[in-house]
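The values are calculated or read from the model by the stated rules, or taken from the named source; none is laboratory data. Predicted, not measured: the structure shown is a model, and the values here were computed from it. Here Cβ is always computed from backbone atoms with ideal geometry, including for glycine, and neighbour counts include all displayed protein chains.
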Amino acid sequence: MGFSLFLLKGEEMKRYSYSGPVCEFGRVVQNNWSGETMAVSEKKARSNLTYQWKKKNNRLPGTVITLPGKILMED
């Protein structure tokens, strides 16, 4: 069955985007990074975006990455 759990619960995916600095262990390592994702909440979108950045920049899963700017929900 190809249904996701979030769809079975009635939650709707929304598109989120981020454009701004990326911090590694509290220190800015990239001044202006942009990414986008589909998620059911802003919290999950932030998690997805940090994961994307880690994968693209060869960081280990335990690396503390933060996106201090605003995550925008698109229409």
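Observations on the model:
- In segment 62-73, the residues that are under 14 Å from the mean Cα position of the chain (by Cα) and assigned to a loop (DSSP other than H, G, I, E, B): Val64, Leu67, Pro68, Gly69, Lys70
- Residue that is nearest to Glu74 (Cα to Cα) [pool: residues in segment 29-39 that are over 8 Å from the mean Cα position of the chain (by Cα) and buried (at least 16 other Cβ atoms within 10 Å of the Cβ)]: Ala39
- Among residues of segment 2-24 that are within 11 Å of Ala39 (Cα to Cα) and part of a helix (DSSP H, G or I), those with a beta-carbon under 9 Å from a residue that is modelled with pLDDT under 95 and not aliphatic (A, V, I, L, M) at least six positions away or on a different chain give the pairs Phe6/Glu12.
- Yes/no for Lys44 being loosely packed, with under 15 Cβ neighbours inside 10 Å, outside any loop (DSSP other than H, G, I, E, B) and modelled with pLDDT of 95 or more: no
- Some residue of segment 50-58 being surrounded by 11 or more Cβ atoms within 10 Å (Cβ to Cβ), in contact with a Phe, Trp or Tyr (Cβ under 6 Å, 6 or more places away or on another chain) and in a loop (DSSP other than H, G, I, E, B): no
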